[in-house]
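To keep things clear, I will list the structure first and then write my remarks on it.
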Amino acid sequence: MTSRDLRTAAPHDPPRRCAFIPPWLAELVDGPQQVERDEALRRARAQRAARTTAVPTAGAVAGGPAWTVHDAGSGTSLPGTPARRAGEPETGDVAVDEAADGITATLAMFADVLGRDSHDDAGAPVSLTVHYGSSYNNAFWDGTQLVFGDGDGRVFERFTKPVDVLAHEFAHAVVEHTADLTYSGQSGALNESVADAFASCLKQRLLGQQAADGDWLIGEGIFTPAVRARALRDMAAPGTAYDDPEVGTDPQVGHMDDYVDTTADNGGVHLNSGIPNKAFQLAAVAIGGTAVEGAGRIWYAALTGADVPPDADFAAFAAATVAAAGSHADAVQEAWARVGVEPGRRGGERAVDPQPRGRLRVERSGGFAGRTESAEVDLDTDDPDLGDLVQQAVLSSPTHDAPPKPDMFVYTFTVDGGAPVRVPEHLLTGSQAELARRILGSGTTEV
Ligand SMILES: [Zn+2]
């Protein structure tokens, strides 16, 4: 494989569905085996759903897409028994009625403010299921419908209780039908953040609040009173939503200086989403009025426009929001600047990094013969044109914790004063392969 081929042969992640509870909390509360079983169940269901047209028909009411809330009766068969349809009265089952109120309000916000007709913008009926599983601690969008557990009552309450949980999951469906942001790394954190942004918009709209009055909490009331928590996330102050002896401390970050490079949680999608979350909150408050009519409309325009590819990073998404902001462009630009993101063009780098200077060392070690080759260049004098490539390949690169495969090479890129970036050969990005080829000589990136 040549370096050119490598550019298009990035490791392909299987599609992942959003679960409202981040993996570290699910594992803590439910144990790793239950989490794995859940994952397997969701994958199987998504595959089944993809083979059939799963959304049941239901009577539409005037002015909005049809919806049906089903009752799974503590089982795991989906969608379960229809319990309430659009236009029907309350049932007296709290979870059913909360889901009904939540989907009605969510569909209305997307239609009235953003001009969107259901998640697909073609009026698709919405299927929801409550009472899913036994003491089930999660809510998710499985690619065809929304699903809510009752919680175990010890750590978590029922997942229909905070209405923003439902709006968050519905927004994932909207993302899937628009920018389809890949659920990994920065694009995955953007997917999470957009879901939180519209969730908070809905909560504030139901409370009749302006952006400045909002509490910006996500999942307020999802924890039982026994847990020391205000909510699951805080968009205005990421990392402060909970601090509890059992469930731990909210690990979210709210600035690029604290960006978490990790392979866990699909590349920290629930951790680093705090950064664009705070940018949204700052923009919404600066613009004024309601969150959804101000920053919400701008974020939605970015999401549905042509400038946000599935693998968009924070800088690319930020640029799309600035471009969509009209007279509020300065406020939006300033909001991103305050979380350390400099809006850049599509595929843009982590713009907070300075232009690379000094010496670059590239080393290739390992391999069947166990040899090490290395070479160095001076970025200031030898080849000043390398700057952009080094920026992309080294300074903006996530680090990989993945162990190299047997006998595979490991490449190490080090810029003066920076931490070495070690990448097993099978995980080299196109720009890293190109840089290795240019520094170590041709032929070194053959796989
Ligand atoms: Zn999510």
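The values are calculated or read from the model by the stated rules, or taken from the named source; none is laboratory data. Computed from a predicted structure; not experimentally measured. We place every Cβ from the backbone using ideal geometry, glycine too, and count neighbours over all the protein chains shown. We work out accessible area using only protein heavy atoms, side chains counted, and drop any ligands, DNA or RNA first. Shrake-Rupley method; radii C 1.70, N 1.55, O 1.52, S 1.80 Å.
Would you say Q47 is farther than 27 Å from A100 by Cβ, open to solvent by 50 Å² or more (accessible area, probe 1.4 Å) and at pLDDT below 65? The answer is yes for Q47. In the stretch 310-329, the residues that are part of a helix (DSSP H, G or I) reach residues that are among the polar types (S, T, N, Q) and modelled with pLDDT of 95 or more with C-beta atoms within less than 7 angstrom, at least six apart or across chains, in these pairs: F314/Q186; V322/Q333. Within the stretch 175-184, the set of residues being open to solvent by less than 20 Å² (accessible area, probe 1.4 Å) and either within 12 Å of the ligand (Cβ to nearest atom) or closer than 16 Å to N277 by Cβ (or both) comprises V175, L181. Of all residues in the stretch 359-393, those being outside any helix (DSSP H, G or I) and either modelled with pLDDT of 85 or more or open to solvent by 40 Å² or more (accessible area, probe 1.4 Å) (or both) number 21.
Tell me which residues, restricted to the stretch 223-252, are in contact (Cβ under 8 Å) with a residue 60 or more places away in the chain, more than 15 Å from the ligand (Cβ to nearest atom) and in a loop (DSSP other than H, G, I, E, B). Hits for the stretch 223-252 are T224, A226, V227, E246, V247, P251. Restricting to the stretch 185-199, and then to whatever is small (G, A, S) and more than 17 Å from D265 (Cα to Cα), can you tell me which residue is nearest to the ligand (Cβ to nearest atom)? The extreme case among them is A199. Looking at R158, R84, just one residue is open to solvent by 30 Å² or more (accessible area, probe 1.4 Å) and either in a strand (DSSP E or B) or in contact with a Gly (Cβ under 6 Å, 6 or more places away or on another chain) (or both), and that residue is R158. Scanning the stretch 253-269 finds one or more residues that are more than 16 Å from the ligand (Cβ to nearest atom), part of a helix (DSSP H, G or I), touching a residue at least 40 places away in the same chain (Cβ under 8 Å) and under 22 Å from A319 (Cβ atoms). Has the stretch 122-136 got any residue that is in contact (Cβ under 8 Å) with a residue 12 or more places away in the chain and within 13 Å of the ligand (Cβ to nearest atom)? No, the stretch 122-136 has no match at all. Looking at (1) away from the ligand (no atom under 15 Å from the Cβ); (2) among the aromatic types (F, W, Y); (3) under 15 Å from the mean Cα position of the chain (by Cα), which is the only condition W216 fails? Going through the list (1) away from the ligand (no atom under 15 Å from the Cβ); (2) among the aromatic types (F, W, Y); (3) under 15 Å from the mean Cα position of the chain (by Cα), W216 breaks only (3).
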